[in-house]
Amino acid sequence: KLCSAAGHCVSHEELKDLKKNNIIHIDVRERWEIDRFGKIPESINIPLSELAEALQMSPGDFREQYHQKMPTKADHVVFSCLAGVRSKQALDFAMSLGFS
């Protein structure tokens, strides 16, 4: 299960359905984890250690660094990691910036 700050949890199957509706999926695992375990299709890899800087970049710098559109505060964003601890930290940080 994947959970939001509001306590709404989604299963892997529900996440696959959400990804059909223009959500932005940010995988906060480290790059070595992506190399070892594989990339999640249609996700952006931004290691948790880079997230604070990444979410405060200019959209042009973000696109240059991550080759994707930068999420806005109006976008639906899902964070994931290996066990859920880092994705919860990423969610808390994003919410402190005004993401809902």
**Report entry** Filtered residues of the range 72-93 (kept if more than 18 Å from Ile40 (Cβ to Cβ) and either surrounded by 19 or more Cβ atoms within 10 Å (Cβ to Cβ) or of a type in the set (Gly, Ala, Ser) (or both))
**Finding:** Ala74
Query raised in the report: For the range 29-67, how many residues meet the condition of being hydrophobic (A, V, I, L, M, F, W, C) and outside any loop (DSSP other than H, G, I, E, B)?
Result: 9
Query raised in the report: Taking the range 29-50 as the region of interest, how many residues are open to solvent by 100 Å² or more (accessible area, probe 1.4 Å) and acidic (Asp, Glu)?
Result: 2
Query raised in the report: What are the residues in the range 3-28 that are open to solvent by less than 50 Å² (accessible area, probe 1.4 Å), at pLDDT 80 or above and not in a loop (DSSP other than H, G, I, E, B), if any?
Result: Ile24, His25, Ile26, Asp27
Query raised in the report: Only one of (1) open to solvent by 90 Å² or more (accessible area, probe 1.4 Å); (2) in contact (Cβ under 8 Å) with a residue 12 or more places away in the chain; (3) of a type in the set (Asp, Glu) is not met by Glu53, so which one is it?
Result: (2)
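The values are calculated or read from the model by the stated rules, or taken from the named source; none is laboratory data. Please read all numbers here as calculations on a predicted model, not as lab measurements. Ideal geometry is used to build each Cβ from the backbone, glycine not excepted, and the neighbour counts take in all protein chains shown. Quick note on the areas: whole protein, heavy atoms, side chains included, nothing else; ligands and nucleic acids left out. Shrake-Rupley method; radii C 1.70, N 1.55, O 1.52, S 1.80 Å.
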